[in-house]
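> One structure follows; several queries about it will come next.
Coordinate-derived values only; no laboratory data. Quick caveat: nothing in here was measured; it's all calculated off a predicted structure. In this analysis, Cβ positions are derived from the backbone assuming ideal geometry, glycine residues included, and neighbour counts consider all displayed protein chains.
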């Protein structure tokens with residue numbers, strides 16, 4: 001009889017352990033939730049509300065912030081509101097020529113997107129701009145590294161010959 005009780009108790013403990021799951025005491029703070037999930041949820045909300053123009057503005061602001069971070073350009077709040085002036089400082093830092101600057105400045109002129117197709121076209125244009133700036137920055141940094149290495153090689157060669 002005692003062995004039946006032990007077997008029943010053991011079966012109960014195994015069954016309980018199989019169904020035990022973690023119980024979160026505190027909810028995950030909102031700041032720790034993935035930024036991409038927050039962006040997607042906001043875009044879904046604005047899309048359902050028919051506010052494609054706000055999505056376009058947020059897309060431009062995000063691209064400006066990304067470009068200014070990559071190029072280490074200080075863009076204040078007022079410049080972010082005036083996207084064209086913010087882009088001019090970014091274009092100077094990126095070393096874009098006048099034709100490229102004019103072409104990309106047109107992307108940042110405040111024209112409201114009225115449809116999903118226009119919003120997607122704006123997204124593609126901004127992605128192409130970021131790719132072009134990335135390519136210019138990587139070319140410039142590789143040239144700087146090459147010049148630095150060449151300078152070191154010349155200096156070390158001059159020191160060894162002296």
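> In what sequence do 90, 36 fall when counting other Cβ within 10 Å, fewest first?
Going from least to most buried by this count: 36, 90.
> At a 10 Å Cβ-Cβ cut-off, how would you order 97, 134, fewest neighbours first?
Ranking 97, 134 by Cβ neighbours within 10 Å, fewest first, gives 97, 134.
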